[in-house]
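Everything on this sheet refers to the single structure shown next.
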Amino acid sequence: MTDQTDAKDQRYPFELPTLEYDFDALAPVIDAKTMELHHDKHHQAYVDNLNKAVAEHKDLHEKTLSELLGNLDSLLEAARGAIRNNGGGHVNHSMFWKLMKSGGAANPSGAISDAINRDFDSFDDFKTKFNEAGVKQFGSGWVFVVSDGDKLTIQSMPNQDTPLHKGIEPIFGNDVWEHAYYLTYNNRRPDYLKAWWDVVDWEAISERYERLRGA
Ligand code: MN3
């Protein structure tokens, strides 16, 4: 039995969430082998290494992952880096799997669509700016959309960093680590970023946005 509590609300011991679709569900945008390695190996390793880092610090066992990631400065230096990297990896990937679905993707509707049209010239302009941020992220990292005050902003972050370090839960984001796309796209990150929109589940994003707005 796998714990399906949202990763940010989990406490030690942390668990890998079950993928809610088959490895080949997002093909050809994301190939089955990439999905298998990404979920079963990469994400599992973040979970295992996070558990190792937290295990010996009993005072951290009562903290949720969002509390750990939001208070890195208060953590012992010995654990801080491992929790930042692996805790970020766990929370980012747990979000990522739920943003995609087989056969993709209607266009955004409702409040998230209104917000995109309010803060960008158009949906296409929004996607272009998001993709540009992903291309420009040097090395490994993520591109996130967050609601900053009352405005949507696009933020790229290195490694497995997350807006949760500042107490902000992202509305959604895309993984621009090479492991997310290299088998299909090789070095062509811009092609991956463009294709990714075809598997984005706008209903899931809309639900996240509504929940975060209400929070
Ligand atoms: Mn990844």
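The values are calculated or read from the model by the stated rules, or taken from the named source; none is laboratory data. Just so you know, these numbers come straight off a predicted model, no measurement behind them. Backbone-built Cβ (ideal geometry, glycine too); neighbour counts: all protein chains shown.
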Of all residues in the range 56-81 being farther than 17 Å from D9 by Cα and assigned to a helix (DSSP H, G or I), the one that is nearest to the ligand (Cβ to nearest atom): G81
Among residues of the range 89-123, those that are touching a residue at least 40 places away in the same chain (Cβ under 8 Å) and of a type in the set (D, E, K, R), counted: 2
Single unsatisfied condition, N131 versus (1) more than 16 Å from the ligand (Cβ to nearest atom); (2) over 30 Å from D22 (Cβ atoms); (3) crowded, with 16+ Cβ neighbours inside 10 Å; (4) modelled with pLDDT of 95 or more: (2)
Scan of the range 7-36 for residues that are surrounded by fewer than 16 Cβ atoms within 10 Å (Cβ to Cβ) and either in contact (Cβ under 8 Å) with a residue 60 or more places away in the chain or part of a loop (DSSP other than H, G, I, E, B) (or both), ordered by number: P13, T18, E20, Y21, D22, D24, P28, K33
Residue in the range 159-172 that is assigned to a strand (DSSP E or B) and farther than 18 Å from K8 by Cβ present: no
Condition check for G88: at pLDDT 95 or above and not basic (K, R): yes
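Going by the conditions given, is K41 in the same structural domain as V91 (by TED's automatic domain parsing), within 13 Å of the ligand (Cβ to nearest atom) and exposed (fewer than 14 other Cβ atoms within 10 Å of the Cβ)?
So K41 fits the description; yes.
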Checklist (1) in a helix (DSSP H, G or I); (2) hydroxyl-bearing (S, T, Y); (3) surrounded by 17 or more Cβ atoms within 10 Å (Cβ to Cβ) applied to S156, failing item: (1)
Whichever residue in the range 158-215 is more than 16 Å from the ligand (Cβ to nearest atom) and on the phi > 0 side of the Ramachandran plot and, among such residues, is modelled with the lowest pLDDT: G167
Residue pairs meeting the criteria (Cβ under 7 Å; at least 6 apart or on separate chains; first without any contact (Cβ under 8 Å) to a residue 24 or more places away in the chain, in the range 134-151; second in a strand (DSSP E or B) and crowded, with 18+ Cβ neighbours inside 10 Å): K136/S156
K129 being over 15 Å from the mean Cα position of the chain (by Cα), among the charged types (D, E, K, R) and within 27 Å of A32 (Cβ to Cβ): no
